[in-house]
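Visitor: The structure's right below; bear with me while I get my questions together.
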Amino acid sequence: MPETKTKMMSRRKFLQMSGALAAATAVADPCRVLYALTKVAGENDPARIKEVFSACDMCFNKCGLIAQVENNVIRKLDPNPKSLKSRGMLCARGNAGVKQLYDPDRLKYPLLRKGARGEGKWMRLTWDQALDHAAEQLDRIGKEYTRCGFLFMAGTDMQSTFVHQFAEAYGSYNVISHESNCLLSRNRAFLDTYGVMPTPDVLNCKYVIMPGANRFEAIVTPDSMDLMSAKAKKSKLVVLDPRFTKTAAFADEWYPIKPGTDMAFFLAIAHVIIAEELYDKTFVKEMTSGFEELREHVKQYTPQWAQVETDIPARDIKRIARELAAAAPSAMVYPGRRSSDYEDSTQIRRSYAIVNALLGNWDREGGLLVPKKVKPGSMHIEAPFYEDNPDDRVDAGRAQMMFDEEGSFKHTRDAVIEGKPYPIKGWMTYKTNPMQTGANRDKTIEMIHKLDFMMTVDIAMSDTAWMADLVLPAPSYLERQDPLSAFLASSTCSGVITRDPVVPAMFESKPVFWIVKELAKRLDLGEFFDFTVDDFRKAQLKKIPEVAKALKEDGVYNVSGPSFGLHKGKPFKTRSKKIELYNTRYRDKGIDPMPVYNKPKVIPKNYFRIVVGRNAYITQSASTNNSLLWELEKENKLWIHPKPAANLNINDNETIIVKSSAGKVTIKARVTKETRPDTVYMDTGYGVLSKGLTNIFGKGACIAEVLEDKADKISGNMAMHETLVTVSKA
Amino acid sequence: MKQRKKYVIIIDAAKCIDCKACLVACKVENKVPEGFWRNWISVLGGENGSLRTEYQPSQCMQCNDPSCVAACPVQATYKQENGLVVIDPEKCIGCGNCITACPYKARYRNPGKRIADKCDFCEDRLNRGKEPACVVTCPTKTRVFGDMNDPESQVAQMAKTQKLVQIAAPHINTRPNIFYYEGTQLLDWAVTPKLPGNINMPRDFWKTVSTAEKG
Amino acid sequence: MVKRLSILAIVMAFLVVSIGVTMAGEGGNARKGKYLFRKTCRSCHMADGSAKELSPVSKTQADWQVVFDDISKLQCKDEWAALSEKDTKDIYSYLYGHAFDSPSPAKCK
């Protein structure tokens, strides 16, 4: 009986799909086909276009969108003005979402590796064959190496929660997120100071110091827009960045700070604020703990001392400290996002958190706000316990205070390579691309060679998929039903967004929910996935039924209302129940309880520090092959200052070699004053191995290939700015 | 009787972060082929490796005295009542005269359709009651679109309160309908239109040139 | 389930019920504890359950310490008595280790 059902389903699916395939053929020349469609329907008939709400997935922001659908083809994605997070905007990537959907490079059906790993020889499988094979491997590896011998890694995606649930039901606690290549050290620092990760009220802030964050290029909604609105209200923006980013271009003051010395700057700021008694005395007394220790600690960090470290004049440091304090509490050190830069990143971010505390901006207009996310319910999995499993994660103990539910990609990779403390032989990745985003690509390849089996679920043939044994095609965000997802939008609001299919899924793509459900069935774990996405949503909506109505009518649910003055003397979620300037837990674990400055290593002659960054049309490696975005940047280049370029006899656009202890790449030079003479830079997401990414294959260089893999000592977050490179003519 | 519309865009270039959302939005909305654009962002700085400090978006200016219209031998391109300069795809012979006649380089020849193409403020969207794609998608709302003849419109209000300037071509003032905030360091990028010698230009056209020269 | 526990409770009642866990989160297996917590505690301590909804982040480490210093004071002391010392320790490790002021607070699950 079930078989007949499946067959009937697949027949219907097939019919749907033939329609989808027709649209896919249209990909080759969307202009002409879409043009033809408009001709048929009549130019001026507004009814020919159906509008469907969704949420963007071109980066993590989940901006609201309204798809313009014509004859089951998405013609255009418009912003949803109802979303108070994205405020009626869609960036270049958001607009290019149609090309993620109608992309000839999409994965179309399950593929099994036939040649050597990374050779690119594949065999097409049916879904049944693919799932049977995967289930067999999961079962075998689980039995042979314990369930923890299988590693799971899912990117920032609304269905990643199902991968985590599957890992739990299967019995592995070796689950890592993309976050340990991104922002965990920032979270660690703020959590260990405030007990939460506060949300910055950029909109109402009168004085923002932005250290190493590039908010006008690495777009975070609504912060990026708020920063511009604040500027119109004459708010002051001070940017510290070795590069002249577009954010620096909009700053009132830009300081090309020496990379790795941000902590020195903020310790000196704290020094001035305390020495001149400019801090919020009532606030510090009532809300913080360890002020006396801090006062003593920062005495040594004078502005004159910081000038030598940072290359920022002492008089400017003093002036900025005074200006900050004068604008307080509507003044902030912007916490930033990606903090995967140095081995002491958590401590660096702690110094930001501490200066914010001295300004007393917590829970005040224009300061750091209490995060007040809407909390949808969830569906509990009563996961079994496997007695033979090892006691802990494979990366346990490799960092001082790792987040148990995030793990560390760097440390897990090391553990897999070493086979210690126990072997890991299987790996499932979903919509994450550590081959491009994890520093030291050779080591990722080495890790993969240690595995018996690797499976990747993704939309296109990423470099990570390219290395896998089994590749399964997922639909884009415009073709699938997702659970609800809560978001925070600075001071404006918090809210909930979701997705329903705008158009039917193309080719043989299947959502990862369906995939893990099918695997669970085959592994006798079906009972844990005895639900649909609809059921899951119902559980999420149980306590917040009003959300369903808003999502239907507006495509988004927003809760606005007062955003500051909410804390009201509640205890902070820290050990001392206060903001911890001095962290006793750190002390007990042998970690510096207050940030202690360590000089970054001196850059020897003919070496450069290489730094990582973003522009507004690249989401790491996930968007560079999108033909609409690729047209904006066809290859990446190495930014190098004219002075060293002249010394090395390197001309603009000339092909050069960039070399580190991790690897060597060939790339073109962009000679520009937009970077310090001792710092070079390149965009992420080029120099791919995958021949399945036809636009960018053979273009530019992969930064992960030259980055050495250091880690933040406390959180285990990747440290990507610790690499020194040489540059030479090719 | 309803007053004639006069569609304009006012641009506060100081707000443009060069995120290129407007470029991609336009490209998708208007099916602009690879290698061509209906709108663009000019950059202040960046020559010889210098710092890029300001970004200025632009597109077809829907001029009141459009040199492209004058240059079209077959009246395929014309100015509508609502102020938009449009191209009739049935009439256009793809000769390219209008492309060189535009002082703003706003036109290109669509290789697939073999006709001239340019921004029309997304007229198809306007007919559906929507603003141009570049306008709605902008994160910082650099562009403001509206009907200058409607005193209630945001653009009419801005025109009252904000000093606005236009980018005019040397030797010829086509009276563009894109306005910029005064005070932004506007780049001087408009060029003297080049006209092919193979057609007879209407007398008026050269008159405009000479008036502009004298002025 | 409840019935089974109560029978066990009768058996256990002959034992001295004063399992005070004093070590700060050490010794227990937090992962096992998570499983046991869900299996034994959450049938009541859940949304719309017969007792207050509980998760590790419902309390601070200090508060959990107070709870486990003397679990005989809890309303559900009989159920606790039915658990082995190891199981109790495991649950304690989980709750204490992922408390709301802990270095790794549990995500809402």
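No value in this document is a laboratory result; all are computed from the given coordinates. Worth saying up front: this structure is predicted, and the values here are computed from it rather than measured. All Cβ positions, glycine included, derive from the backbone under ideal geometry; neighbour counts span all protein chains shown.
Visitor: Do me a favour and compute the ellipsoid semi-axes for the range A:125-169 from its Cα gyration tensor, root of five times each eigenvalue, largest one first, whole Å.
Guide: Ellipsoid half-lengths, sorted descending, are 20, 17, 7 Å.
Visitor: Could you check the spin-label model distance between A:N606 and A:T282? Points 7 Å from the Cα along Cα→Cβ, value in nm.
Guide: For A:N606 paired with A:T282, the spin-label model returns 6.2 nm.
Visitor: Right, another one. If a paramagnetic tag sat 7 Å from the Cα of A:E654 along the Cα-Cβ line, which residues of the range A:698-730 would have the backbone N under 14 Å from that point?
Guide: Label zone hits: A:727-730.
Visitor: Run lengths n ≥ 4 of DSSP H only: what is the helix-derived mean residue ellipticity at 222 nm for the protein assembly as shown, with -39500 (n - 2.57) per run over all residues, to the nearest 500?
Guide: About -9000 deg cm²/dmol.
Visitor: Right, another one. Post the alpha-carbon centroid distance, the range C:74-104 to the range A:175-243, in whole angstrom.
Guide: 38
Visitor: Enumerate the amide H contacts of A:I176 below 5 Å, restricted to partners 5 or more residues apart or on another chain; note that Pro and chain-start residues carry no placed amide H.
Guide: Those lying under 5 Å, H to H, from A:I176 are A:F152, A:M153, A:A154.
Visitor: Same structure, new question: Tell me, what is the FRET efficiency for B:V165 and A:K50 to the nearest 0.05, using R0 = 60 angstrom and their Cβ-Cβ distance as r?
Guide: E between B:V165 and A:K50, to the nearest 0.05, is 0.90.
Visitor: While we're here: Could I get the Rg over Rh figure for the range A:399-460? Both from C-alpha atoms, Rh via Kirkwood, rounded to two places.
Guide: When Rh is taken as the Kirkwood radius, the ratio is 0.95.
Visitor: Quick check: residue separation of A:K634 and A:F507 times 0.36 nm, minus the Cα distance between them. What number comes out in nm?
Guide: Between A:K634 and A:F507, full extension yields 43.0 nm more.
Visitor: Of all the C-alpha pairs in chain A, what % are more than 38 Å from each other?
Guide: 38
Visitor: Also, I was wondering about something else. Counting only residues 5 or more places away or on other chains, whose amide H sits under 5 Å from the amide H of A:T619 once H atoms are built in the peptide plane?
Guide: Under 5 Å from the amide H of A:T619: A:T624.
Visitor: Then there is this: Holding the Cα-Cα limit at 23 Å, pick out from A:K233/A:K281; A:K372/C:K59; A:K62/A:K82; A:K318/A:K573; A:K431/A:K549 the pairs that are longer than that.
Guide: Among A:K233/A:K281; A:K372/C:K59; A:K62/A:K82; A:K318/A:K573; A:K431/A:K549, the Cα-Cα distance tops 23 Å for A:K233/A:K281; A:K318/A:K573; A:K431/A:K549.
Visitor: At what distance in angstrom do the alpha carbon centres of the range A:514-566 and the range B:2-41 lie from each other?
Guide: Going from one Cα centre to the other spans 37 Å.
Visitor: Expressed as a fraction of 2.2 N^0.38 Å, the rule-of-thumb size for a compact globular protein of N residues, what is the C-alpha radius of gyration of chain B?
Guide: 1.00
Visitor: If you don't mind, another one. For the range B:43-55, take each phi angle, set θ = phi - 60°, evaluate the Karplus expression 6.51 cos²θ - 1.76 cosθ + 1.60, and give the result in whole Hz per residue in order, putting x for glycine and proline.
Guide: So the Karplus estimates, Gly and Pro as x, are 10, 8, x, x, 6, 6, x, 6, 6, 8, 10, 9, 10 Hz.
Visitor: Which aspartates and glutamates, on any chain, are close to A:K570 with Cα under 13 Å apart, when same-chain ones fewer than 8 places away are left out?
Guide: Straight-distance partners of A:K570: A:E286, A:D363.
Visitor: Which of the lysines could a cross-linker bridge to A:K234, judged by Cα under 21 Å and excluding same-chain residues fewer than eight apart?
Guide: Within reach: A:K206, A:K246, B:K15, B:K141, B:K163.
Visitor: Further, regarding this structure: Give me the Kirkwood hydrodynamic radius of the range B:1-123, using the inverse of the mean 1/r over all pairs of distinct Cα atoms, in Å to one decimal.
Guide: 15.7
Visitor: Computed over the Cα atoms of the range A:591-649, what is the convex hull's projected area averaged over all directions, in nm²?
Guide: Here the figure is 7.5 nm², rounded to one decimal.
Visitor: A:R676's amide H: which non-local residues (gap 5+, or another chain) put their own amide H closer than 5 Å, with H modeled 1.01 Å from N in plane and none for Pro or chain starts?
Guide: Placed amide hydrogens put nothing under 5 Å from A:R676.
Visitor: Compute the whole-percent fraction of alpha carbon pairs in the range A:168-217 spaced more than 16 Å apart.
Guide: When all Cα pairs of the range A:168-217 are counted, 63 percent exceed 16 Å.
Visitor: Using the Karplus curve 6.51 cos²θ - 1.76 cosθ + 1.60 with θ = phi - 60°, what ³J(HN,Hα) values do you get for each residue of the range C:90-103, in whole Hz, with x for Gly and Pro?
Guide: Computed from phi, the couplings for the range C:90-103 are 4, 5, 4, 4, 5, 5, 5, x, 10, 5, 5, 9, 7, x Hz.
Visitor: Once Rh is set to the Kirkwood radius over Cα pairs, what Stokes-Einstein translational diffusion coefficient, in µm²/s, holds for the range A:212-257 at a temperature of 4 °C and a viscosity of 1.567 mPa s?
Guide: Taking Rh from Cα pairs, D becomes 124 µm²/s.
Visitor: Return the sequence-ordered ³J(HN,Hα) values of the range B:137-150 in whole Hz as given by the Karplus equation 6.51 cos²θ - 1.76 cosθ + 1.60 applied to θ = phi - 60°, using x for Gly and Pro.
Guide: Going residue by residue, I get 7, 5, x, 9, 6, 5, 9, 10, 10, x, 9, 5, 7, 9 Hz, with x marking Gly and Pro.
Visitor: Taking 25 Å as R0, compute the FRET efficiency from the Cβ-Cβ separation of A:N71 and A:K549 and round it to 0.05.
Guide: Using R0 = 25 Å, I get an efficiency of 0.30.
Visitor: I've got another one for you. Pop a pseudo-label 7 angstrom from the Cα along the beta-carbon direction at both C:Q75 and B:W189 and give the gap in nm to one decimal.
Guide: 7.0
Visitor: Given the range A:253-327, what whole percent of its Cα pairs are spread farther than 14 Å?
Guide: Percent of Cα pairs beyond 14 Å in the range A:253-327: 59.
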